[in-house]
1. Based on the Cα atoms of region 455-566, what semi-axes does the equivalent ellipsoid have, where each is the square root of 5 times one gyration tensor eigenvalue, given in whole Å with the largest first?
2. Sticking with the crude label model, points 7 Å out along Cα→Cβ, report the distance from ARG311 to ARG195 in nm, one decimal please.
3. By count of other Cβ within 10 Å, fewest leading, how are LEU558, LEU202 ordered?
4. Check which residues have an amide H placed less than 5 Å from LEU393's amide H, if you skip close sequence neighbours.
5. Want the number for LYS374 to LYS543: 0.36 nm per residue separation, take away the alpha-carbon distance, what's left?
6. Starting from the Kirkwood radius over alpha-carbon pairs of region 154-223, derive D by Stokes-Einstein at 37 °C in a medium of 0.692 mPa s and give it in µm² s⁻¹.
Amino acid sequence: MSDDEVWEDALPSPRDGFEEDEWEDVGSNEVPAAKEADGSESEEWDDVETTTATGPTPVDLHVHDWDALNAALNAAAEAKPDEPKKRIKVKRLTKEEKAQLLVQKKAHLVCLVAREATVNALANQTMLQALLRSIVPPDVEALLVAPPPTEKKDLVYLLQHLVKWFRTTFARRPYAPEARFAMDAASLLAVFYERAGMEHELVCLFTALCRGCRLATRYVVALDTPSITRRDAPFDTFFGVDGGASLRAWNEVQGATRGWLHVDVSRDVIDAPLQVEKLRGRGALLPHIVAFDAAGHSIDVAASYASQWPRTAAGRVDEVWLGQLLGVGRSAAAALDVDAPKLPMPQSAQQFRNHPQYALEKHLGVFQTLHPRKPVGVFKGAPVFSRDHVHTLRTKHQWRRRAREVCDGEVPVKRVAKKDKGVFPPPTDNAISLFGEWQTRVYEAPPVVAGVVPKNEHGNIELWSPQCLPCGAVHLQLPRVAKVARTLGVDFAPAVVGWEVKSGRNVPVLDGIVVAAEVAAMVEDAHATMQHESIEKAIKHNKALVVKRWGTFAQKLLLRKRLRDEYGSGQQG
């Protein structure tokens, strides 16, 4: 027997247990129960199922669109599996939209400050303080009537007992966004008698209790405003709190060392200012936190509660504008924060940028320096300095604008190259000298001598502040007063009060003149006389102009009448 005959005998034959139509049935999707149900065929179907379970599933080649399948396979082969997904482009806010949202944010801050100032005033009601003091238990009252605590731990011990009693006496109701009502004296009395209220109401009651117990207490509130970086930001327009936020108000009690202790009566947390952001929620930022004292003074204390100040500072409004908003009592309240809590040392170099308490030398600007150079720590081998030791350097002229002058014999702290203005030939001294504030003193303007006003090299006088006005001189801010002084022959100097840009150049802004005090009255009288004469001259000129125009009008009427008499009206009959 040949080898070919051996292989032919080894191959299965279509007649060996299977028919041709049975092979077709294996590839179909029909259920075996639809076939003939005799015992032999059932056994054959069991064998077929066992065989096909270990291999790939057969496919009916007559029901597929091979052109579409090949196109899909080619597209899948060409696609790169590791290609990153394209990010969805978000349309950024335009400059006009950002400006409009910033105005809305500032307006909302003004409204929130006014509202919280009213709430703070409610805590000063004598009746409310007396009612709260009357229900204090004897054990807590004994701590209150004792001598004031001289150490921080004693104050914490007192506050722990006071907070514990307050939490067991008053129940906290859940925040209800649909409850649209304003807090007033009647609503606080209702909370007192019902022994239950929402969080901001309980904080106001606790503020009144502490003030009634002769504890210096501040009402602290987080002013949340809508975002100016994205459209349709979620925001609760009534309470000014994000939809998922709960922590919005707490207290600060002053200790014997003039420092302030953070007290959260709603969560039984004392002296943990850096936990406020964590209690607010993951990723929460509190850019605007304002504290109100019993006298109604307000102060920004956001830096004391920010664990990552650079992220917090990014969401704040202009510091100058915010200072003006809270400037009513800022000077009186600033002295109360001499022992503000120190923030922890940042954990990365980026967090040192614009940090309120710490700074790295590599982050200083060109016009900044350290004085004195006393490190307060070390970060990865680099010295860490206090933010209070970072000073801004200015030129002599810039210090003069701030009513200060550089002392004699002072050496410049730094010399910086000037901007290249394209002047040819270039100047020999292409650097400017910078000085620190510790090298300056208050500017004292030279006095007026024999009626002569001191002037600079340009023949005018710079009035950047009231201190720049010479002794014995008067600043006259009257229109065209320089012409009057020149006519009278008195000595004067044009007053430069600022600078403005015109046609790409800095030009001085003049506002009136400066003359000696003994001739100021004479100049004012002469100016009034000149103004009176100018007004009379203008009236006379207007009268002559009116007469002339009426004459012209009358001449035209006469000419029109003569033309009608000679040539008719010109209408076709």
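Every number in this text was worked out from the coordinates using simple rules, so none of it is lab data. Note that the structure is predicted; figures quoted are calculated from it, not measured. No Cβ is skipped: glycine too gets one built from the backbone with ideal geometry, and neighbour counts run over all protein chains shown.
1. That gives 48, 20, 9 Å for the three semi-axes.
2. Taking the simple label geometry, ARG311 and ARG195 are separated by 4.2 nm.
3. Numbers: LEU558 10, LEU202 21.
The order, fewest Cβ neighbours first, is LEU558, LEU202.
4. Excluding prolines and chain starts, which carry no amide H, the hits are GLN368, THR369.
5. Values: separation 169, 0.36 × 169 = 60.84 nm, distance 7.74 nm.
Extending this stretch completely gives an extra 53.1 nm.
6. On the way: Rh = 13.2 Å.
Answer, rounded: 249 µm²/s.
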